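Structure first, then comments.
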Amino acid sequence: MSQNWTKVYTTSDPIKAEFSKQLLEENGIEAVLLNKQDSSYHFGEVQVLVPELDSQTAQKLLSDNPF
């Protein structure tokens with residue numbers, strides 16, 4: 001099944017991205033991480049993606065629970 005994924009959170013800290021993903025999954029929202037960081041120098045960003053249908057709920061959860 002193909003889903004449209006939407007970015008709901010971006011950070012340079014992979015730990016914050018993982019916490020965000022766990023928060024979303026604990027609330028029944030499927031989430032994936034897209035790591036765009038350079039593996040040698042660790043600059044860049046990590047994105048949290050959710051299905052488009054869940055994006056508003058996910059953004060609300062993340063704004064209510066800042067890291």
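Observations, loosely collected:
- Segment 1-60, accessible surface, carbon-and-sulfur percent (1.4 angstrom probe): 48 percent
- Entry note: the chain has Rg to Rh equal to 0.98, where both radii use alpha-carbon atoms and Rh is the Kirkwood radius.
- Tilt relative to the chain, helix 55-64 - C-alpha long axis, 0 to 90 degrees, to 10: 70 degrees
- Surface exposure of the chain, expressed per residue as accessible area with a 1.4 Å probe, stands at 69 Å².
- Computed over the chain: relative contact order in percent, which uses C-alpha pairs under 8 Å that are six or more apart: 42 percent
- The residues packed around Gln37, meaning those with a beta-carbon under 14 Å from its beta-carbon, carry a net charge of -2 if Lys and Arg are +1 and Asp and Glu are -1.
The values are calculated or read from the model by the stated rules, or taken from the named source; none is laboratory data. The model shown is predicted, which means the values in this text are computed figures rather than measured ones. Methodologically, a virtual Cβ is constructed for each residue, glycine included, from the backbone with ideal geometry; neighbour enumeration extends over all protein chains shown. Surface areas here come from the heavy atoms of the whole protein model, side chains and all, with no ligands, DNA or RNA. Shrake-Rupley method; radii C 1.70, N 1.55, O 1.52, S 1.80 Å.
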